[in-house]
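Worksheet for the structure shown next.
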């Protein structure tokens with residue numbers, strides 16, 4: 001399985017996605033610093049405390065990488081069907097299910113790892129800068145960080161699951177556009193913040209979306225051996 | 001008789017329409033099997049089913065003596081294929097394409113990659129992505145990819161599409177060499193009769209999803225070779241003379257006055273002289289050529305099998 005994943009990455013030169021992820025991180029970071037800086041200059045407090053800052057970082061990161069996951073799905077799976085390269089792939093003496101599972105595993109792992117790493121990276125840099133320049137009128141305590149970790153992990157897992165939902169829409173007509181647009185809808189549901197509240201905070205919603213994502217993936221591979229390509 | 005590929009009432013229905021109906025195909029070990037048929041006859045669909053890409057609606061396929069099922073993966077290791085037109089991951093170069101292919105196939109002889117690139121004349125394409133290849137180059141790469149692992153069975157759908165005349169000749173020689181020296185069985189489809197004629201040992205003719213006939217090239221040649229037609233006044237006597245004096249047995253008395261001689265070693269001149277010497281009046285003598293093309297046109301249009 002690891003070998004299959006390695007071949008997939010080699011085939012699509014997925015290194016460019018890592019570069020993209022790093023760029024996305026810096027944009028999120030820059031955006032947050034920009035908001036904090038403006039609000040400090042204007043004297044209007046946007047980010048009241050670190051709890052809120054960490055929540056916003058987490059929302060941004062998840063939104064970004066759910067969309068990233070959709071582009072990966074579009075490239076690794078939808079694109080194979082669209083460009084008919086799937087006929088080449090399915091002619092190899094390798095179980096079709098394994099081939100698709102390897103692709104999905106890349107999507108899930110990439111999403112999960114990016115969310116965790118980006119959260120850590122952005123939070124660290126942002127906190128460092130904000131503590132140094134007093135951007136937020138609050139103190140960052142280790143208790144707060146410890147308290148955030150489990151929820152961040154939970155959210156990352158849920159996001160990795162729900163990131164698979166676009167696969168369903170994309171596979172209907174092998175459309176890359178549909179895949180990415182459906183991921184935007186998911187992001188709108190789970191990452192929109194109205195003041196202090198987001199749908200993602202109702203724990204049932206992210207969990208059920210994640211389960212839907214997993215079932216979509218299961219449906220995609222269940223009949224794959226009987227399918228004509 | 002060992003058959004590498006055998007299909008039994010192979011049928012495929014797409015959207016309520018039978019595109020392949022009850023095909024019984026027999027491919028012997030070590031032969032080149034030409035799969036001939038007009039566009040849309042069902043050649044590609046049959047080949048897709050042989051490679052397990054498309055699943056039959058009914059009927060079954062035996063490859064290397066084993067029935068093909070949804071879970072037949074090992075058998076794919078022993079096949080090399082091009083279906084419709086070769087499809088690649090277009091961002092890779094020719095060498096990367098072959099490397100990737102070998103890894104997926106579980107074939108680890110790196111030296112072979114250079115050899116194949118050389119064989120299909122793609123050595124000077126380093127740094128060029130497959131995306132920028134011409135159709136002919138893609139076709140060559142496709143062939144290279146299909147043969148690199150030295151499979152026992154090659155399934156090639158229209159492999160000469162897009163090649164120039166020199167390329168076609170080279171590829172034809174290559175196929176013959178692979179067949180002869182490595183004992184690779186090749187199934188090659190085409191709608192170009194002349195191509196199949198020069199390549200195949202056995203021909204399967206398919207039209208409207210039905211396999212009309214399966215015939216060895218030798219048989220086609222025998223039934224379709226040139227012949228000399230002599231029209232005489234006394235057919236029976238002439239036949240006797242031809243047999244006894246000229247030692248020809250390969251002839252046919254069509255009706256009482258018309259004889260067809262299939263033995264090409266005897267010239268028209270000798271035949272007429274001998275017959276005249278034995279007092280037989282010759283009303284006409286002529287050399288006739290029945291082209292293979294006529295034969296297949298008849299077969300495909302009329303669907304009559306009389307070979």
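Numbers for the structure displayed
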item	result
Where residue B:105 falls short, out of the listed (1) over 24 Å from the mean Cα position of the chain (by Cα); (2) at the interface with chain A (Cβ under 9 Å from one of its Cβ atoms); (3) more than 28 Å from residue B:167 (Cα to Cα)	(3)
Residue ranges of strands (runs of 3 or more DSSP E) in the range B:1-50 with at least 2 members more than 15 Å from residue B:203 (Cα to Cα) and more than 15 Å from the chain's Cα centre (by Cα)	B:3-14, B:17-23
Any hit, the range B:30-37, residues being within 14 Å of another protein chain (Cβ to nearest Cβ) and either surrounded by 18 or more Cβ atoms within 10 Å (Cβ to Cβ) or modelled with pLDDT of 90 or more (or both)	no
Condition check for residue B:40: without any contact (Cβ under 8 Å) to a residue 12 or more places away in the chain and closer than 16 Å to residue B:211 by Cβ	yes
Residue check for residue B:125: buried (at least 17 other Cβ atoms within 10 Å of the Cβ), more than 10 Å from chain A (Cβ to nearest Cβ) and in contact (Cβ under 8 Å) with a residue 12 or more places away in the chain	yes
Residue A:5 being within 12 Å of another protein chain (Cβ to nearest Cβ) and in contact (Cβ under 8 Å) with a residue 12 or more places away in the chain	no
Sole exception among (1) surrounded by 14 or more Cβ atoms within 10 Å (Cβ to Cβ); (2) modelled with pLDDT of 90 or more for residue A:84, by number	(2)
Helices (runs of 4 or more DSSP H) within the range A:114-229 that include 3 or more residues out of contact with any helix residue (DSSP H, G or I) (no Cβ under 6 Å at 6 or more places or on another chain) and surrounded by fewer than 18 Cβ atoms within 10 Å (Cβ to Cβ)	A:142-162, A:176-191, A:204-222
Criterion violated by residue B:56 - all others in (1) within 8 Å of another protein chain (Cβ to nearest Cβ); (2) in contact with a helix residue (DSSP H, G or I) (Cβ under 6 Å, 6 or more places away or on another chain); (3) surrounded by 20 or more Cβ atoms within 10 Å (Cβ to Cβ) satisfied	(1)
One residue from A:40, A:75, A:11 being assigned to a helix (DSSP H, G or I), without any contact (Cβ under 8 Å) to a residue 24 or more places away in the chain and either surrounded by 18 or more Cβ atoms within 10 Å (Cβ to Cβ) or touching a helix residue (DSSP H, G or I) at 6+ places or on another chain (Cβ under 7 Å) (or both)	A:11
So residue A:97, is it in contact (Cβ under 8 Å) with a residue 24 or more places away in the chain and surrounded by fewer than 17 Cβ atoms within 10 Å (Cβ to Cβ)	yes
Qualifying residue in the range B:67-75 (condition: facing chain A (nearest Cβ under 9 Å), out of contact with any strand residue (DSSP E or B) (no Cβ under 6 Å at 6 or more places or on another chain), closer than 29 Å to residue B:117 by Cα and surrounded by fewer than 17 Cβ atoms within 10 Å (Cβ to Cβ))	yes
Residues of the range B:91-102 satisfying the condition of being in a helix (DSSP H, G or I) and more than 10 Å from chain A (Cβ to nearest Cβ)	B:94, B:95, B:98, B:102
Number of positions in the range B:155-199 that are without any contact (Cβ under 8 Å) to a residue 24 or more places away in the chain and within 24 Å of residue B:77 (Cβ to Cβ)	3
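The rows are residues; the columns are (1) under 9 Å from the mean Cα position of the chain (by Cα); (2) crowded, with 18+ Cβ neighbours inside 10 Å; (3) more than 13 Å from residue B:139 (Cβ to Cβ); (4) assigned by TED's automatic domain parsing to the domain that holds residue B:26.
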position: B:158; (1), (2), (3), (4): no, yes, no, yes
position: B:171; (1), (2), (3), (4): no, yes, no, yes
position: B:183; (1), (2), (3), (4): no, no, yes, yes
position: B:194; (1), (2), (3), (4): no, no, yes, yes
position: B:204; (1), (2), (3), (4): yes, yes, yes, yes
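The values are calculated or read from the model by the stated rules, or taken from the named source; none is laboratory data. Quantities reported herein were computed from a predicted structural model and do not represent experimental measurements. We place every Cβ from the backbone using ideal geometry, glycine too, and count neighbours over all the protein chains shown.
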